[in-house]
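Visitor: Please see the structure below; I have some questions.
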Amino acid sequence: MVTVTADNRAPSVVTALYVRTKALHLEAERTGVVAEILRGAASREAYVLLMRNLHPAYRAIEDGLERHRNSPILAPLASWRLARTAAIAADLAALAGPDWAQQWPLLPEGNAYANTVALAAEGDGSRLIAHAYTRYLGDLNGGLIVRRLLEKSLGLGASELSHYDFSAIAEPAVLKSDYRQALERAGAGASDSDAIVTEGAVAFECNIALSVAVQRHLAVSPAPSQEHRTE
C-alpha cells in the first residue's frame, strides 16, 4: 500500500515502484539468463531466446499505450514512441535470420508475460505504467551497460543491439529524465496508485520467471541452427 506523507501527498509513482520492486530487481539481476548476461557468461543462443520471448511483452505494452494514447492518464507516456518492438525485431532478424519467430520458440513464460501486459491494458490502462517503468525506464537506466557487456562477451554489433539505441529519439540522459517525468505525470493522473505499484511487482516476477525459463530451456533443448549468422 502506498503510504501518504505528512503533507498529505502520496509519494511519486516512480518512487513507490522503486521501493516496492527494489528486492525483486536485485533478484532479477541474480537469476537465470539475466545473471549470465551481467556476468558476461551468456551464450548467443540464450540472448536470442530471451529477446524472442520479450518481444511479445513489448508489443503488448506498445499496443496498449497506443490504444490509450488519447486518455488523460496515459497520454504522457503514449506520446513517447520508443518503438522497442520494432528495434527488437530488427535485432532478432540480424541475430537469427528473418524467420526468427518460427525458428525460436515462444516459451509459456514469454506468452504469460505478454498476456499479463494485455490484462494490464484493460480498463483505463493505468497498470501499464508499471510495465513501462519496468521495461522502458529499465532500458534507459541500464541499457548502455548491457549493450557494452554484450558487445564484449558476444561480439555483437550495432545492427544486433538497436534495442539499446535511443539516439534517434533523444540524447539518453535527457530521454531518461523526460520519460521519468512522463511516468510521474501518468501516475499522478491514475485513481489507483496501489494497483500500479502492485503491478510493478508482477512485472518483475514475470521477468524473473522468463529469465529462469530461458536458462532451463537451453539446458535441455538444442538451439536452432545458427548457420545464417554473420560475424
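Visitor: Could you give the length gained on full extension between Ser167 and Lys152, defined as 0.36 nm per residue of separation minus the Cα-Cα distance, in nm?
Guide: Once the chain is fully extended between Ser167 and Lys152, it gains 3.3 nm.
Visitor: Evaluate the relative contact order of the range 17-220 (contact order divided by residue number), counting alpha-carbon pairs under 8 angstrom at least 6 apart; express in whole percent.
Guide: 38 percent
Visitor: Helix-derived [θ] at 222 nm for the chain: sum -39500 (n - 2.57) over DSSP H runs of at least 4, divide by residue count, nearest 500?
Guide: Numbers: 11 runs with 150 residues, N = 231.
Helix contribution divided over all residues of the chain: -21000 deg cm²/dmol.
Visitor: Please list, by residue number, everything in the range 184-218 whose backbone N is under 20 Å from a paramagnetic label point 7 Å out along Cα→Cβ of Ser43.
Guide: Backbone N within reach: 210-218.
Visitor: Between Ser79 and Val220, take the C-beta separation as r, use R0 = 35 Å, and let me know the FRET efficiency to the nearest 0.05.
Guide: 0.20
Visitor: Relative to the longest principal axis of the C-alpha atoms of the chain, give the angle of the C-alpha long axis of helix 44-67, reported between 0 and 90° and rounded to the nearest 10°.
Guide: Here the helix axis deviates by roughly 30 degrees.
Visitor: Within 10 Å of each candidate Cβ there may be at most 12 other Cβ atoms; applying that plus a DSSP loop requirement, which GluC sites (Glu not before Pro) in the range 69-161 survive?
Guide: Here the sparse-neighbourhood loop sites are Glu122.
Visitor: Could you give the length gained by full extension between Asn111 and Glu205, i.e. 0.36 nm per residue of separation minus their alpha carbon distance, to one decimal place?
Guide: Extending this stretch completely gives an extra 32.5 nm.
Values in this text are rule-based calculations from the coordinates and carry no lab data. Being a predicted model, the structure only gives us computed values, none of them experimental. Quick reminder, even Gly has a Cβ in these numbers, built from the backbone with ideal geometry, and neighbours come from all protein chains shown.
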